[in-house]
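Heads up, the thing below is written out as structure tokens.
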């Protein structure tokens, strides 16, 4: 199994993929990790840390091709290999590809995964560990370029090879998701759907949703929109503006950081449009959608317009659509007409999945 992993600067793919390798080792799966950037620096010791993109393009291309030549040779001698690279770079040279198609065809990867992360986590890592000048708008754009660039690379090299977009999220969960994607191909892939923004301040409802997420992740390879949650940022910006502040404060990566209000306001439309497009992409790369609709304190169903749209999109994409509807009120026709099956609780859904042999005891 050869897996090509891409992702923009600020993801910290290297440490993440080391944890994937550790997880694989615990499963008695030998997995070799090749970090392209690290090998390029090793081959050119005269280049200072963080300066490799400043060298002339001709030398950069030659150096990269030399490293990929070595990786292709290793791929022929090992059973399982992860190639950690980028699909694109945006630097002083402008936007340019980070790989060559002829060598990617020689590598003949079995899978492409583009790792992504939230804009605030990206900003924090870049601010703490890199000297890359950036705005929040830059990060939004770079992330989208890397996703599209990776998908085009995959389709251009071999359109029959799967491409996945995977949010880094909570590592203890998504590392296992990565492993399942690569090495447990028979495991069903499920997109988890549930209300988010509208229940953000409802602790009991969020606790139910978290229980649903944890149970489903035990049984399926899950794509979870909560692994990359940014929709709260525009709301925080609105609150700060009302108070006359020129900043907002948020928690990420175990620390509190302050963001410029104008920069957050600038990316509001980008956040909304990317959530819309990204969630649909995650649905399309799944076998099914499992939607959990909790009950509000007043007995009403906590269903959002976003969840309804996801159900409709999954239905139109010919996916299996499963809905866990916990409220006493009956679901609307917009739910029942798109759902493959509706359950009254999580336990009922799990029993059904066992009978269908989607999950094993």
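The values are calculated or read from the model by the stated rules, or taken from the named source; none is laboratory data. Nothing here was measured: the structure is a model prediction, and the numbers come from that model. Neighbour counts run over all protein chains shown; Cβ positions are idealised from the backbone, glycine included.
Only helices (runs of 4 or more DSSP H) whose full extent lies in segment 142-249 are considered here, and the ones with at least 1 residues that are closer than 18 Å to residue 84 by Cα are 171-183.
All conditions but one from (1) free of Cβ contacts under 8 Å to residues at least 12 places away in the same chain; (2) farther than 20 Å from residue 91 by Cβ apply to residue 133; the one that does not is (2). Out of 186, 261, 181, 245, one residue alone is crowded, with 19+ Cβ neighbours inside 10 Å and at negative phi. It is 181.
For (1) crowded, with 17+ Cβ neighbours inside 10 Å; (2) modelled with pLDDT of 95 or more; (3) assigned to a loop (DSSP other than H, G, I, E, B), each residue gets a yes or a no:
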site	(1), (2), (3)
270	yes, no, no
290	yes, yes, no
298	no, no, yes
303	yes, no, yes
307	yes, no, no
323	yes, yes, no
347	no, yes, no
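Cβ separations smaller than 8 Å between residues 6+ apart or across chains give the following pairs from segment 164-185 residues that are under 19 Å from residue 110 (Cβ atoms) to residues that are modelled with pLDDT under 90 and outside any helix (DSSP H, G or I): 180/187.
Taking the criterion of being more than 21 Å from the chain's Cα centre (by Cα) and in contact (Cβ under 8 Å) with a residue 40 or more places away in the chain, the only residue of segment 306-325 that qualifies is 324. Taking segment 76-94 as the range and being outside any strand (DSSP E or B) and closer than 17 Å to residue 157 by Cα as the test, the residues that pass are 85, 86, 87.
This table checks each residue for (1) part of a helix (DSSP H, G or I); (2) under 20 Å from the mean Cα position of the chain (by Cα); (3) surrounded by fewer than 18 Cβ atoms within 10 Å (Cβ to Cβ).
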position	(1), (2), (3)
17	yes, yes, no
20	yes, yes, no
39	yes, no, no
45	no, no, yes
58	yes, no, yes
66	yes, no, yes
96	no, no, yes
104	yes, no, no
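Only one of the listed residues (206, 211) is within 24 Å of residue 327 (Cα to Cα) and free of Cβ contacts under 8 Å to residues at least 24 places away in the same chain. That residue is 206. Against the criterion of being at pLDDT below 95, assigned to a helix (DSSP H, G or I) and surrounded by fewer than 20 Cβ atoms within 10 Å (Cβ to Cβ), residue 131 does not qualify.
Yes or no: segment 111-120 includes at least one residue that is part of a helix (DSSP H, G or I) and under 29 Å from residue 259 (Cβ atoms). There is at least one residue in segment 111-120 that is part of a helix (DSSP H, G or I) and under 29 Å from residue 259 (Cβ atoms).
Taking residues in segment 5-32 that are in contact (Cβ under 8 Å) with a residue 24 or more places away in the chain and on the phi > 0 side of the Ramachandran plot, and partners anywhere that are crowded, with 22+ Cβ neighbours inside 10 Å and outside any helix (DSSP H, G or I), the pairs with Cβ atoms closer than 6 Å and at least 6 places apart or on different chains are 7/115. From the set of residues in segment 327-345 that are in a helix (DSSP H, G or I) and touching a strand residue (DSSP E or B) at 6+ places or on another chain (Cβ under 9 Å), which is farthest from residue 303 (Cα to Cα)? The residue in question is 336. Within segment 341-353, track down each residue that is closer than 15 Å to residue 293 by Cα and without any contact (Cβ under 8 Å) to a residue 60 or more places away in the chain. Within segment 341-353, 341, 342, 343, 344, 345, 347, 348, 349 meet the criteria.
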